[in-house]
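I'd like to ask some things about the structure below.
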Amino acid sequence: FENVNIFCICWTGLFLWCLHGMLGSAMDCKNGGAGNVHCSISVDKLLDRAIHHSELIYIISEESTALFEETFIPKSMHAPQNNWGHCNSKTPPMPTSKSDVQQISDKWLLQSVLILIRFWMDPLKELQSSLDRYDNAPSALLNKTKWISTKLMNLKEGVLVLIKKMLDEGTLDPGNSVSLTSFMVPSDETEYVLRDYSLLTCFKKDAHKIETFLKLLKCRQTDNLSCSLF
């Protein structure tokens with residue numbers, strides 16, 4: 001049989017088998033000559049995978065926050081549901097009305113997702129280092145936060161592919177990263193715990209924002225007028 005090289009656009013962590021015909025209509029393949037077939041995944045499939053990734057990240061962030069609360073935070077100090085007034089305000093805001101949603105461009109959505117991802121990559125790594133210093137941190141919590149960091153990196157690679165395919169752009173403004181010291185400078189063990197708790201609750205908020213922006217972008221590919229966050 002003649003050797004056929006298949007080149008697929010994919011990102012680490014998504015188990016995409018790059019075999020000719022495996023994805024059917026999801027694959028856009030062109031004969032490059034000399035026995036080479038170049039294949040890429042459709043925008044629709046890329047969005048589906050990105051949304052699935054973001055959903056899992058949000059779910060695990062919820063579980064991590066709940067586990068941290070259960071282990072370290074008295075019930076009287078638990079963060080109220082959907083109340084993150086202490087969170088950093090430099091990340092892209094969630095639209096507050098239907099008219100805001102209609103005015104948002106696809107480029108703004110993709111750029112915002114990328115900014116949010118990059119914003120949290122370093123703080124999550126620092127959070128892992130902080131949790132490693134705890135005497136009694138559950139192994140499940142350590143594993144979940146490490147999993148989130150890995151999957152966030154995978155999602156970033158997927159979003160970069162979406163940017164290239166949808167906007168024909170290689171890079172976008174990465175935004176400003178944030179350090180754990182942006183939350184507070186701990187002076188004792190209790191403040192370290194409160195700082196890490198603050199970071200987890202704020203990340204959960206932004207993880208939900210990433211998921212929402214990607215789902216809105218997906219909706220716009222089929223029916224722009226009816227898409228809404230409300």
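The values are calculated or read from the model by the stated rules, or taken from the named source; none is laboratory data. Source: prediction; values computed, not measured. Here the Cβ positions follow ideal geometry from the backbone for every residue, glycine too, while neighbour counts run over all protein chains shown. Accessible surface areas use protein heavy atoms only, side chains included; no ligands, DNA or RNA. Shrake-Rupley method; radii C 1.70, N 1.55, O 1.52, S 1.80 Å.
Kindly list, by first and then second residue, each pair from a residue in the range 82-104 that is at negative phi and modelled with pLDDT of 80 or more to a residue that is of a type in the set (Val, Ile, Thr) and open to solvent by 70 Å² or more (accessible area, probe 1.4 Å), limited to pairs with Cβ atoms under 8 Å and residues at least 6 apart or on different chains.
No pair meets every condition.
Also, quick follow-up: Looking at the range 203-218, I want the residues that are under 15 Å from THR96 (Cβ atoms) and have a partner that is of a type in the set (S, T, N, Q) and crowded, with 18+ Cβ neighbours inside 10 Å with Cβ atoms under 6 Å, at least 6 apart or on another chain. Which pairs are those?
Hits for this filter: PHE213/SER112.
Hey, among the residues in the range 130-149 that are among the polar types (S, T, N, Q) and surrounded by 14 or more Cβ atoms within 10 Å (Cβ to Cβ), which one's farthest from PHE72 (Cα to Cα)? Give the derivation first.
In the first step, residues of the range 130-149 are kept if they are among the polar types (S, T, N, Q); the result is 130, 136, 139, 143, 145, 149.
Right, trim to surrounded by 14 or more Cβ atoms within 10 Å (Cβ to Cβ) and you get 130, 145, 149.
Details: SER130: 14, THR145: 16, SER149: 21 Å.
That would be SER149.
Please work out which one of (1) among the aliphatic types (A, V, I, L, M); (2) open to solvent by less than 70 Å² (accessible area, probe 1.4 Å); (3) at pLDDT below 90 is the condition LEU67 fails and give its number.
Result: LEU67 passes all but (3).
Could you tell me whether any residue of the range 185-197 is surrounded by 13 or more Cβ atoms within 10 Å (Cβ to Cβ) and at pLDDT below 65?
Checking the range 185-197: at least one residue is surrounded by 13 or more Cβ atoms within 10 Å (Cβ to Cβ) and at pLDDT below 65.
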